Amino acid sequence: MIGLFAFSVLLIKEMRWRDYDSNDEGILSEEKIEELQKENKREQVISYKTARLVDTINTIYIIPVSHKTLNEEEDIVLNGLLSASGSEYNYEPDFERRYSKYVYGDYNNLIVYNKKENTTQKLLNDRANFKDYREEYFNDDILLLFKVAEKDTYKDGVINLNDFKSLCIYSFEKEKLEKITLENMDVVDYQFFYGTKELIVRFGVDKNNDGRYTEFNEPSIIKKYNLDTQKLTDIIDPTLNNELQKTLEGTK
């Protein structure tokens, strides 16, 4: 009985994993690709996983390339999912990362209280919803980071994490709130490049325009954000993205 129970648990876990990631279904056959190309359509698109640090000394990251099978075929009208947005830059940090802390709950705002000056400041001016926030400690600043939904983009009558989210970053040093957002996209996750204040941000693309991002069959893109310059720029060059898409489709 114990063995049967353990097998059932493993089976459930495997089924959940398959429900979450559709990559085990493989890519489309050449015959199916040819069929779609005749109609100038596609069913699968390039998608990127979160970057992984593999060389700490040289700060080298691996960005796994994946794909998503869309719910519906789409017309091939663009050269790729990504577009250039700003210029590349080099950032030389003169500080060291300390540590971070997550605080979980159900929130609609955060208040910064200065006990010495006896002042209070709310960070958000509009109605919002978020489930956790992150405290990030550097030797020259403390940052608060949280993914927040502020509009009912899914049109289900509530503002929650099914809706598109922005990434909010509050600096204690600057006493300023910054917001990272892209139109019709959802902030899925984020992380800092090692030893810097530069962020990797992954955005979910709402391909079916229903007002929410579904990771099971909708792709994601990644960009980088520099807190000092406040610039959001591409990590994957649009040309490379186009090459990867063509490889997936069998046209290269």
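The figures follow:
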{"read-out": "Sequence-distant lysines (8 or more away, or on other chains) whose Cα lies within less than 16 Å of K174", "value": "K122, K197"}
{"read-out": "Gyration tensor verdict on the stretch 96-252 (Cα atoms; rounded if a/c is under 1.5, prolate if a/b is larger than b/c, oblate otherwise)", "value": "oblate"}
{"read-out": "Subset of K115/K165; K101/K224; K38/K155; K38/K223 violating a 28 Å alpha-carbon distance limit", "value": "K115/K165; K38/K155; K38/K223"}
{"read-out": "Residue-wise HN-Hα coupling along the stretch 124-137, computed from phi with Karplus coefficients 6.51, -1.76, 1.60 (Hz; x: Gly, Pro)", "value": "10, 9, 10, 5, 7, 9, 8, 9, 7, 9, 10, 9, 10, 9"}
{"read-out": "Spin-label model distance (nm) - F216 vs T233, 7 Å beyond Cα toward Cβ", "value": "3.8 nm"}
{"read-out": "Net lengthening on full extension, K151/K174 (0.36 nm per residue, minus Cα-Cα)", "value": "5.6 nm"}
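Read-outs throughout are calculated quantities, based only on the coordinates presented, and are distinct from any laboratory measurement. Treat the numbers as computed from the prediction; the structure is a model and nothing was measured. When we count neighbours, we look across all protein chains shown, and the Cβ atoms used for this are built from the backbone with ideal geometry, even at glycine.
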